[in-house]
Amino acid sequence: MLSPNLLAFAVAALLVLLPPAPAVAARPIIAGKPGPSEAAATARWLAAQNTWGVLSTISSDLGGAPFGNVVSYSDGVPGEGRGIPYFYLTTLDPTARDALEDERTSFTLSEFPLGTCGKIDPENPTCAKLTLTGKLKLVDLQSSDADLAKLALFTKHPEMKDWPKNHHFQIFKLEIENLFLIDWFGGPKPISPSEYLKYGRDKGSVKFS
């Protein structure tokens, strides 16, 4: 029979060796990912980390029906997001044609492609998703905004520089008027465009690990 001292030692060793009990309904801890209480930070994190999303326009070819298209974008030089999505589009594609006729647009991003949602379904509320609604504006190529957009797009998407010149790609940006963010249970988070864009403004940009 074990002495009391040996028995206490055996119990303590067993507790150390056993794996911890799984957390119930816990959000995975991901380096650089803001917490559920940080709505503006989460929205900016999604915009900075993703490289593509679904851009939806009012279709001129389909009589005004909504039309969603997978597009590449950048909100700044990688690691220094500014929150405003820039796009490199051609009117050979319906999205650019639609925007030139009707600027009303929405742009949807999901956390799922980043690989930080684990094995849960993309529709699970803890797998964040963001829809930015506003107007898709053509950027004046002579403006300083165009220089920033080119740097942001061509740094994150290097092959864009070699896309066919005769396709006449143009730079567009989304002027954000409304945000719809789901990143936890309880419905969409209240967040205004000014809260979203002002996040990290004291540093000029937002850096996420």
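A few remarks follow.
- If you go through the range 36-94 and pick out every residue that is of a type in the set (Gly, Ala, Ser), open to solvent by 20 Å² or more (accessible area, probe 1.4 Å) and part of a loop (DSSP other than H, G, I, E, B), you end up with 6.
- Qualifying residue in the range 146-156 (condition: touching a Ser or Thr at 6+ places or on another chain (Cβ under 9 Å), surrounded by 13 or more Cβ atoms within 10 Å (Cβ to Cβ) and free of Cβ contacts under 8 Å to residues at least 60 places away in the same chain): yes
- Filter result (open to solvent by 40 Å² or more (accessible area, probe 1.4 Å) and part of a strand (DSSP E or B)) within the range 175-188: Glu175, Glu177, Asn178, Phe180
- Once the range 127-145 is narrowed to residues that are over 19 Å from the mean Cα position of the chain (by Cα) and of a type outside the set (S, T, N, Q), the residue that is least open to solvent (accessible area, probe 1.4 Å) is Val139.
- Residue check, Ser143 modelled with pLDDT under 95 and of a type outside the set (Val, Ile, Thr): yes
- Screening Phe172 on (1) open to solvent by less than 90 Å² (accessible area, probe 1.4 Å); (2) part of a loop (DSSP other than H, G, I, E, B); (3) touching a residue at least 24 places away in the same chain (Cβ under 8 Å); (4) of a type outside the set (Val, Ile, Thr) shows it passes everything except condition (2).
- For the range 109-126, filtering for residues that are of a type outside the set (A, V, I, L, M, F, W, C), closer than 23 Å to Pro158 by Cα and open to solvent by 50 Å² or more (accessible area, probe 1.4 Å) leaves 2.
The values are calculated or read from the model by the stated rules, or taken from the named source; none is laboratory data. Because the structure is predicted, anything quoted here is derived from the model rather than measured. Methodologically, a virtual Cβ is constructed for each residue, glycine included, from the backbone with ideal geometry; neighbour enumeration extends over all protein chains shown. What goes into the accessible areas is simple: the full protein's heavy atoms, side chains included, and nothing from ligands, DNA or RNA. Shrake-Rupley method; radii C 1.70, N 1.55, O 1.52, S 1.80 Å.
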